[in-house]
């Protein structure tokens, strides 16, 4: 083999090795700079850690296979190429040893991938019996969270106690959705007429984003939610706040006028508030003032954004099923004052 050929072979080998190293290192660098809050490469729960470990195992095998196959291909191309003025490469019509080898070796590699994959599937599917139960219902385009043992229903913000197993029962009221909490668990389809299950447990505290991961219509990209992982004491305080009764606004206040507008308008047909309305089409507004966002996480929950949302929801969120109720500015002000008391 000529010196020129050797140099070219070394360059190609360096490129292949460099690509392999980047495939292993780049995800870690991306996580280190905190690029994407929805990354799955920084697992925060036991389930996410198992899935991430399985991914690492598969990536390592893929890189090893890539390096070996591409290296062998480059060596073959240079070693057995037709040289100027030389004879054509001698064709090989078969080699029993090679054919047996490249049949057995992939089978062995697949076994090393399949065994941990199946083990991980069974571990992820085994919902712990002592878990806190939460019923998750997908709607176009928002999420309902119901805690059957606590008697609480809320929307778009899933509060959980850190360090405790959480079991989710998933179903849909309309079309197929996909429930995804990147930091805590993998994706799980949410299907009409069928109940799916998933679970997670995390020691991490904080607020973590979630997303519908199955195209479900106009506002699929806006079908977001948050998971609020908090110490047990803070979760207990949140639970007590959600279950505590809210006093009726004084008849002389703007909030009382807002309550009257709520009772006589279209709101009662879609939304639920204890002792006021029993709607099931839209999110419960029982303790809406305790949530940090509205419109499934698009806007902060403050008076100005709430006014704009009530005034014309379809203009703020494409495809919103909440109609433009053509309310006056004064009526909107009163409704916002009433909803601000729901805490």
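The modelled label-to-label distance between residue 289 and residue 133, using points 7 Å beyond Cα along the C-beta direction, is 3.3 nm. Here the extension length gained between residue 105 and residue 312 equals 68.3 nm, from 0.36 nm per residue of separation less the Cα-Cα distance. Projecting label points 7 angstrom from Cα along Cα→Cβ for residue 69 and residue 232 puts them 5.1 nm apart.
Mean separation of Cα pairs under 8 Å and 6 or more residues apart, divided by the residue count, gives the stretch 56-193 a relative contact order of 16 percent. Ordering 195, 187, 129 from the fewest to the most neighbouring beta carbons within 10 Å gives 129, 195, 187. When Rg/Rh (Cα atoms, Kirkwood Rh) is calculated for this entry, the matching label among (i) 1.10; (ii) 1.17; (iii) 0.97 is (ii). Neighbour counts of other Cβ atoms within 10 Å put 112, 122 in the fewest-to-most order 122, 112.
Compared with the dominant Cα axis of the chain, that is its longest principal axis, helix 96-125 is turned about 20°.
Computed over the stretch 132-243, relative contact order equals 29 percent, with contacts defined as Cα pairs under 8 Å that lie 6+ residues apart. Using the alpha carbons alone, the radius of gyration of the stretch 132-243 stands to its Kirkwood radius in an Rg to Rh ratio of 0.95. Per the Debye formula on identical point scatterers at the alpha carbon atoms of the stretch 176-320, with no solvent, log10 I(q)/I(0) at q = 0.14 Å⁻¹ is -0.89.
Shown for 73, 170: other C-beta atoms within 10 Å of each C-beta, ranked fewest to most, produce the order 73, 170. Taking every pair of alpha-carbon atoms in the stretch 254-339, give the share separated by more than 19 Å as a whole percent. For the stretch 254-339, the fraction of Cα-Cα distances above 19 Å is 32 percent. For the chain, adding -39500 (n - 2.57) for each run of n ≥ 4 DSSP H residues and dividing by the number of residues yields -14000 deg cm²/dmol at 222 nm. When DSSP beta bridges are restricted to pairs lying wholly in the stretch 132-243, around 65% turn out antiparallel. Between 0 and 90 degrees, rounded to the nearest ten: what's the tilt of helix 46-79 against the longest Cα principal axis of the chain? Once rounded, the angle reads 30 degrees.
Our summary gives the chain a relative contact order of 14 percent, counting only alpha carbon pairs under 8 angstrom and 6 or more residues apart.
In this rough spin-label picture, where each label sits 7 Å from Cα along the Cβ direction, the residue 329-residue 93 distance is 9.1 nm.
Read-outs throughout are calculated quantities, based only on the coordinates presented, and are distinct from any laboratory measurement. In this text the structure is predicted, and so the values were computed from the model without any measurement. Cβ atoms come from the backbone with ideal geometry, glycine included; neighbour counts cover every protein chain shown.
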